[in-house]
Amino acid sequence: HVRAHSLGEQLFALLILMSGLIVTTCFVGSIASTMSVVFASNQYNTTQKFLLKKFLFQNSVSGDLAARVTRYIEFVLEVRHKKVPPSKVQFLTLLSGPLNIELQAEIHCPRLIKHSFLARYYEMNPFAMREICAVALSTVVYAKSDVLFRRAQESSSMIFVVNGSLVYHRTEKKMTGGVKTSTKLDQYQWCCEQVLWFPWVHVGDMKALSETDTIAILSNKFQAVTSSYLDVLKECQEYAKGFVQTHTHGLLSDVPPQGENYRRTGRFSIQNELSAAEAMEVELEDTLARYCEGEEEVHNQDSPKRNDPDLKINRKLSERL
């Protein structure tokens, strides 16, 4: 056995022993503290779930709605566990205005430029797009079966899908009666672009197929930012003219055309809709000419497209421009 004989050796052995005890105590204490925090968090979540179920039961909430509420809360808790929300990072409030704008642009621009015109908007003036990312965007999480909007409701924002899926239902007016069509929107697709260019009333219903993260471009703030940059303002005015021309020819929908190019790249070109509108205009002119010449009698004076209430409402709105 090795023993300390001199006073110095005894003091050294005592110092080593005390250091080991201190390190061990700190290590065990940190583990106990961590376990205490985890236990308290789990106990809090368990208590809140119990209180939620009790609240739903006492207020006679239907089983279907109660299940949706519970599922959505579990989804939000899971998302917050995986991804830190900005509201939890207090240091972000210390950022200067320009630095915060640059940070928001770095986060959101890659999602917005999936749209072809917004990509051109960014190329023309990156500073304007950065400001839009900082002041004109709103992030919203929807639960499964949540309704984003309904027909005849006034629109206020253009919506991008970040994660999840949405489904859009639209009843088209036909000679033989209404035909209901459905369109699915997946990641990086969008809807309600019209509200950026002119006042718009929804002509269909949009619902979440699953828990869905979305980004909304608020139309009033988008227009305010764009109006302060003359270069992009002129380009937006030209683009808006084409968009208005398209939607005053009866091509009404809250979602863009689901063409092959749109499905492949997630981009929407206004030229596709303009071509369809021009073709329709030419067809109407030919029919009118034949009618005037007596070659053909027009029987469709009361066509469904002419009497479509959605078309009348949005035509009146577009006349405000």
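The values are calculated or read from the model by the stated rules, or taken from the named source; none is laboratory data. Just so it is clear, the structure is predicted and the values come from calculations on it, not from any experiment. In this analysis, Cβ positions are derived from the backbone assuming ideal geometry, glycine residues included, and neighbour counts consider all displayed protein chains. Note: accessible area is taken over every heavy atom of the protein model, side chains too, but ligands, DNA and RNA are not part of it. Shrake-Rupley method; radii C 1.70, N 1.55, O 1.52, S 1.80 Å.
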Measure off 7 Å from each Cα along the Cα-to-Cβ vector at Lys180 and Glu238, then give the distance between these two points in nanometres to one decimal. 4.3
Packing-based ranking, highest mean first, of 239-245, 148-154 given that Cβ atoms within 10 Å are counted: 239-245, 148-154
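For Thr25 and Asp213, FRET efficiency with R0 = 45 Å and r from the beta-carbon atoms, rounded to 0.05?
Details: r = 45 Å, r/R0 = 1.00.
E(calc), rounded to 0.05, equals 0.50.
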Can you run the Rg to Rh ratio on the stretch 37-127? Use alpha carbon positions and the Kirkwood inverse-distance Rh. 1.19
Suppose each label sits 7 Å from its Cα in the direction of the beta carbon; what would the Phe39-Lys53 distance come out to in nanometres? 2.3
Send over a whole-number figure in Å² for the accessible area per residue of the stretch 62-156, probe 1.4 Å. 64
For a label point 7 Å from the Cα of Ser145 along Cα→C-beta, name the residues of the stretch 43-85 whose backbone N is under 13 Å from it. 62-72
Please list the three semi-axes, largest first and in whole Å, of the ellipsoid equivalent to the stretch 139-226, using sqrt of 5 times the eigenvalues of its alpha carbon gyration tensor. 22, 18, 10
Two-site label geometry, Leu103 and Ala152: point separation in nm, points 7 Å out along Cα→Cβ: 4.5
For the pairs Lys54/Lys184; Lys83/Lys184; Lys83/Lys234, flag any whose C-alpha to C-alpha distance is greater than 28 Å. Lys54/Lys184; Lys83/Lys234
Ignoring ligands, DNA and RNA, please state the percent of accessible area on the stretch 152-241 from carbon and sulfur, probe 1.4 Å. 50
